[in-house]
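Engineer: One structure coming up, written as structure tokens, with questions to follow.
The values are calculated or read from the model by the stated rules, or taken from the named source; none is laboratory data. What you see is a predicted model, and the numbers here were worked out from it, not measured in a lab. Cβ sites come from the backbone with ideal geometry, for glycine too, and all protein chains shown count toward neighbours.
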Amino acid sequence: MIVKVDTDLIKEKMQELCTELLQQESYQTMRNSIDRFAEDERSVEQYDSFMAKHRALEQMETRNEEPTDDEMNEYEQAEQALYENEVIRKFLYAQREFNQLHDLVSQYFRLTVQLNRLPESSELPKGGCGCGGSCGGHGH
């Protein structure tokens, strides 16, 4: 006999959880920040340009190459410019918050299965990605 989890009940509870999320004012604010970014062509181009520089530096690192001082200065200036752009800054914050929420839900589920009980707060990993936008994807 094959035993299966009642996925209908799980889906129902997930709908409740997601409904709670959608009703939070902070969710709407962060969602609006992401949408505003996606609609702002200049900001998207600036972000994409920075991510291209970021990937190029990562590739250099993979090849054990050192970037020149000029390359590093250009990268650092592009990174600083991201945070000076309010649209991008709010987008990065919202993206980080959503990633942290996703990680929390995933970790909670993983630990529940692993421990065979609900995890305590102290058992959940702390912190976020802190990547400064290099986690990828910007939803456009």
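Engineer: For the stretch 72-126, which residues satisfy the criterion of being out of contact with any Phe, Trp or Tyr (no Cβ under 9 Å at 6 or more places or on another chain) and hydroxyl-bearing (Ser, Thr, Tyr)?
Structural biologist: Tyr83, Tyr93, Ser106, Tyr108, Thr112, Ser121, Ser122
Condition check ((1) surrounded by 11 or more Cβ atoms within 10 Å (Cβ to Cβ); (2) part of a helix (DSSP H, G or I); (3) at pLDDT below 95) across all residues:
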| residue | (1), (2), (3) |
| --- | --- |
| Met1 | no, no, yes |
| Lys4 | no, no, yes |
| Gln15 | no, yes, no |
| Thr19 | no, yes, no |
| Gln28 | yes, yes, no |
| Ile34 | yes, yes, no |
| Ala38 | yes, yes, no |
| Gln46 | yes, yes, no |
| Ser49 | yes, yes, no |
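Engineer: Quick one: in the stretch 106-138, of everything that is surrounded by fewer than 11 Cβ atoms within 10 Å (Cβ to Cβ) and under 30 Å from Ser43 (Cβ atoms), which residue is modelled with the highest pLDDT?
Structural biologist: So the residue we want is Ser106.
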